[in-house]
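The values are calculated or read from the model by the stated rules, or taken from the named source; none is laboratory data. This one's a predicted model, so the numbers in the text were calculated from it and none came from an experiment. Positions of Cβ are generated from backbone atoms using ideal geometry, with glycine treated the same way; all protein chains shown enter the neighbour counts. We work out accessible area using only protein heavy atoms, side chains counted, and drop any ligands, DNA or RNA first. Shrake-Rupley method; radii C 1.70, N 1.55, O 1.52, S 1.80 Å.
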Amino acid sequence: MSTPQTGNGQSMPTLPRARGPLSAALIADLRGETTLVDRTPPEPAPLGSGDEELALWLLYELHHHGFDDAVDGGTEHEWRPDLLALRGDLERRLEQRWRERVAAADLPELPVGAEPADLARAFFALCEADTGAESVARFLQREADEEQLAEVLRQRSIYHVKEQDAAMWTLPRLPDTTKAHLVTIAADEYGNGRPDDLHAQLWARGMRACGLDAAYAAHVDGALPAVLEQNNLMSLLGLHRRLVPAALGHLAAFEVTSAVPSRRVVRGMERLGAPEPMVAYYREHMVADAVHEQLAVRDLVGSYVAEVPGSEPEIAFGAAVCLLAEAATATAVLEHVRRDDETAAGEDVA
Amino acid sequence: MSEPTQVTLCEDGPMLVRGEVVVEDEDGQRHVSSRPVTAVCRCGASSLKPWCDGSHKARAAGGPRARRLGSV
Ligand code: FES
Ligand SMILES: [Fe+2]
Ligand SMILES: [Fe+2]
């Protein structure tokens with residue numbers, strides 16, 4: 001049997017290093033060293049350690065490309081009842097955490113039963129809400145140095161190597177009109193029939209041009225817990241039929257908050273003289289997401305609300321998750337790259 | 001006969017055109033877009049004209065005059 005390949009045309013990822021008792025037990029199980037079957041999985045280390053975040057990320061990844069060094073690449077693990085039960089537990093905790101966080105954030109609501117134009121206006125307004133977080137794009141535009149840019153790209157790669165994939169889990173569960181609209185957006189994300197133009201491929205070319213590892217999941221060991229959590233949230237929303245409207249709200253908010261920041265990233269990369277393929281990725285998103293945001297808000301969300309009246313609050317929940325998870329990631333990433341900068345400066349002196 | 005081209009005007013935002021489109025600008029330069037849907041800038045603020053780059057949002061937030069200019 002030939003080695004299965006990932007979306008980047010590269011060999012499969014290998015299991016990352018553990019971050020605490022739960023991820024350690026899970027990784028050992030996936031490798032076939034010990035087993036979690038008939039055992040209560042260990043309590044994870046506290047949130048923020050990355051233990052619980054990584055464990056859930058690993059369980060989701062079994063449904064994507066699996067791991068080269070897992071038993072059978074992880075294919076047999078994918079539908080194991082005990083691992084699904086563990087995933088369910090971690091998902092319930094994740095969802096409850098974010099239900100609470102969204103409720104506490106008190107973002108603008110979406111009107112229920114409004115005219116399509118009013119709903120669209122309210123959705124765009126929701127996405128303008130101030131989450132209090134500093135923008136990574138502004139940081140890149142104005143002050144990042146080359147190494148800080150590289151580290152931001154490594155953190156962002158956790159998502160971009162599987163760009164759009166999580167939202168596609170919703171496709172078979174959508175009303176037909178909404179399906180058609182999702183596919184219109186997805187066609188662009190997946191290259192409009194040209195595999196080289198897949199956004200994940202544009203990303204990989206950019207990473208290679210920057211001298212960074214472009215392989216699938218190459219940067220998971222260094223991924224901040226907030227980044228893993230942001231990734232997990234997309235899988236959570238995509239994989240549960242109950243959460244379909246939230247997944248659509250998330251996707252739309254993601255598109256709405258992309259074109260303008262992409263312009264800032266392009267400016268920052270031009271300032272730093274970043275390699276053209278990486279700049280091209282963000283330049284493409286200035287134009288593509290200016291289209292996607294209109295399609296996502298007006299057609300995708302609009303058609304879903306028309307088909308499923310009363311779904312507005314859940315759509316707003318998904319949008320809020322997107323905005324708040326990006327805020328949390330931005331805060332964590334900026335703190336991380338600035339701290340590393342200080343450390344590096346200190347080492348220079350010493 | 002092919003279907004007529006469908007164009008959608010977005011409030012305070014771009015014009016969406018379905019199917020391949022060529023836009024000839026004021027200087028006679030032709031810009032081709034082969035995306036399934038293209039957003040053509042209507043507000044004049046885009047940095048990638050003739051395509052929309054989301055810049056209309058800052059404009060729309062700028063006040064009543066900006067709002068009027070941004071919509072038909
Ligand atoms: S209409 Fe979007 S930038 Fe002008
Ligand atoms: Fe994309
Ligand atoms: Fe997009």
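Observations
- Take A:Arg142: with every protein chain present and a 1.4 Å probe, its accessible area is about 150 Å².
- For segment B:7-64, a simple Cβ point-charge model (Lys and Arg +1, Asp and Glu -1, everything else neutral) yields a dipole of about 200 debye relative to the Cα centre.
- MRE, 222 nm, helices only [DSSP H, n ≥ 4, -39500 (n - 2.57), over the protein assembly as shown, to nearest 500]: -17000 deg cm²/dmol
- Cβ-based charge dipole, segment A:247-350, positive-most Cα from A:His250, A:Leu272, A:Val301: A:Leu272
- Whole-percent carbon and sulfur share, accessible surface of chain A, 1.4 Å: 53 percent
- Positions from segment B:1-28 whose accessible area shrinks by 10 Å² or more when the full protein complex is built, not the chain alone, probe 1.4 Å: B:Cys10, B:Glu11, B:Pro14, B:Leu16, B:Arg18
- 1.4 Å probe accessible area per residue over the protein assembly as shown, in Å²: 45 Å²
- Span from the segment A:35-89 Cα centroid across to the segment A:127-181 one, whole angstrom: 24 Å
- Interface residues in segment A:251-270 - accessible area drops by 20 Å² or more relative to the isolated chain, probe 1.4 Å: A:Val260, A:Arg263
- Whole-Hz couplings from phi, Karplus 6.51/-1.76/1.60, listed for segment B:6-16; x for Gly and Pro: 9, 10, 10, 8, 9, 3, 6, x, x, 9, 8
- Shielding by partners for peptide A:280-288, expressed as the average number of C-beta atoms from other protein chains within 10 Å of each residue's C-beta, is 3.
- Long-range HN-HN contacts of A:Arg19 with modeled amide H, under 5 Å: A:Ala24
- With all protein chains modelled, accessible area of B:Glu20 [1.4 Å, Å²]: 140 Å²
- Mean Cβ count within 10 Å, highest first, over the residues of peptides A:244-253, A:303-312: A:244-253, A:303-312
- 24 Å Cα-Cα reach of B:Lys57 towards lysines, excluding residues that sit fewer than 8 places from it in its own chain: B:Lys49
- Modelled this way, with points 7 Å down the Cα-to-C-beta line, the labels at A:Glu276 and A:Asp130 are 4.1 nm from one another.
- Using a Förster distance of 25 Å, the FRET efficiency for A:Glu335-A:Arg99 (Cβ separation, nearest 0.05): 0.45
- Listed residues A:Gly132, A:Ala18, A:Gly66: farthest to the positive end of the dipole of the protein assembly as shown (Cβ charges): A:Gly132
- Estimated buried accessible area (total), pair B and A, 1.4 Å, Å² to nearest 100: 1700 Å²
- Cα gyration tensor shape of segment B:7-64, rounded if a/c is under 1.5, else prolate or oblate by comparing a/b with b/c: oblate
- Among the protein heavy atoms, those of A:Cys322 account for about 10 Å² of accessible surface (1.4 Å probe, every chain in place).
- A:Asp176-A:Asp145 pseudo-label distance in nm [points 7 Å out on the Cα-to-Cβ vector]: 6.0 nm
- Amide H within-cut-off set for A:Glu76, under 5 Å, with H built and near neighbours excluded: none
- The 3J(HN,Hα) values that the Karplus relation (6.51, -1.76, 1.60; θ = phi - 60°) gives for segment A:71-83 are, in residue order, 4, 6, x, x, 4, 6, 6, 4, 10, 5, x, 5, 6 Hz. Gly and Pro appear as x.
- Only the Cβ atoms of Lys and Arg (+1) and of Asp and Glu (-1) were treated as charged; on that basis the dipole of chain A about its Cα centre amounts to roughly 420 debye.
- Other protein chain C-beta atoms within 10 Å of residue C-beta, averaged over B:51-59: 6.
- With 20 Å² as the minimum drop in accessible area between chain alone and full protein complex (1.4 Å probe), the qualifying residues in segment A:150-199 are A:Thr184, A:Asp188, A:Asn192.
- Cα-based shape type of the protein assembly as shown, given that a ≥ b ≥ c are square roots of the gyration tensor eigenvalues and the cut on a/c is 1.5: prolate
- With R₀ set to 22 Å, the beta-carbon distance separating B:Asp25 from B:Ser2 gives a calculated FRET efficiency near 0.30.
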